[in-house]
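Everything on this sheet refers to the single structure shown next.
The values are calculated or read from the model by the stated rules, or taken from the named source; none is laboratory data. This is a predicted model, so every value here is computed, not measured. Quick reminder, even Gly has a Cβ in these numbers, built from the backbone with ideal geometry, and neighbours come from all protein chains shown.
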Amino acid sequence: MSLPRSTYDPRRVCLLPFPTLALAQHKRSIGVYTAGALFALGNWLFFDAAVLSAHAKPPPDAPYDTVPVHVTFVDWLPGILSVFGLLIVNLIDKERLVGDGGAFGEGGLVWRARLFLFMGFALMAGGLAGSVTVLVLKYIVPSYADFTYYGYANVGQNVALMLSAVVLWLAQNTPSEYEYRLSL
């Protein structure tokens, strides 16, 4: 099977091209707003679980029992790590990552930018792994079926924060309609 020469581009990796949207002039704004919405949705989901946990009451058939589990600092820690990772990833100057390190002693700068990028993604991955660990060890293994929402909200927050970081990264790398690049 071969493609007709009119649609073939030797720089393409995939046979099928990505679909083009009519939103080309606003895709940067749409990406930034989508990333913000994902960030807000993830944090709202976890804050909802934290407030629900703070106001949890014992079952009506045993009003003098205590609630077996609450959202504690251990539940907050994965989200804090993911937020730090998101900040680190999106504060890196993207132009520093594409350099080869050969001109004017920029080798150390490129290496440090890539190291910080790795650390940011490692913090986000650690936050996600931590939230899954908290879900399993704190809510599923002891079989707190009525309280597993707290753990799922924690995992949902970290997934939304990671998606928010990726969407914001992609949105910041798209050219803006007001951006001009001059080269001599």
Answer with yes or no whether G85 is among the small types (G, A, S), more than 17 Å from S53 (Cα to Cα) and under 12 Å from the mean Cα position of the chain (by Cα).
-> yes
List every residue pair whose Cβ atoms lie under 9 Å apart, where the two residues are 6 or more positions apart in sequence or sit on different chains, the first residue falls within the range 108-128 and is closer than 16 Å to V155 by Cα, and the second residue, located anywhere, is among the aromatic types (F, W, Y) and in a helix (DSSP H, G or I).
-> L123/F84; M124/F84; G127/F84
Could you say which residue among L123, L77 is crowded, with 16+ Cβ neighbours inside 10 Å and under 11 Å from the mean Cα position of the chain (by Cα)?
-> L123
Can you confirm whether the range 53-63 contains a residue that is of a type outside the set (F, W, Y), within 20 Å of V159 (Cα to Cα) and buried (at least 18 other Cβ atoms within 10 Å of the Cβ)?
-> no
Might you check whether a residue that is of a type in the set (A, V, I, L, M, F, W, C) and modelled with pLDDT under 80 occurs anywhere in the range 23-38?
-> yes
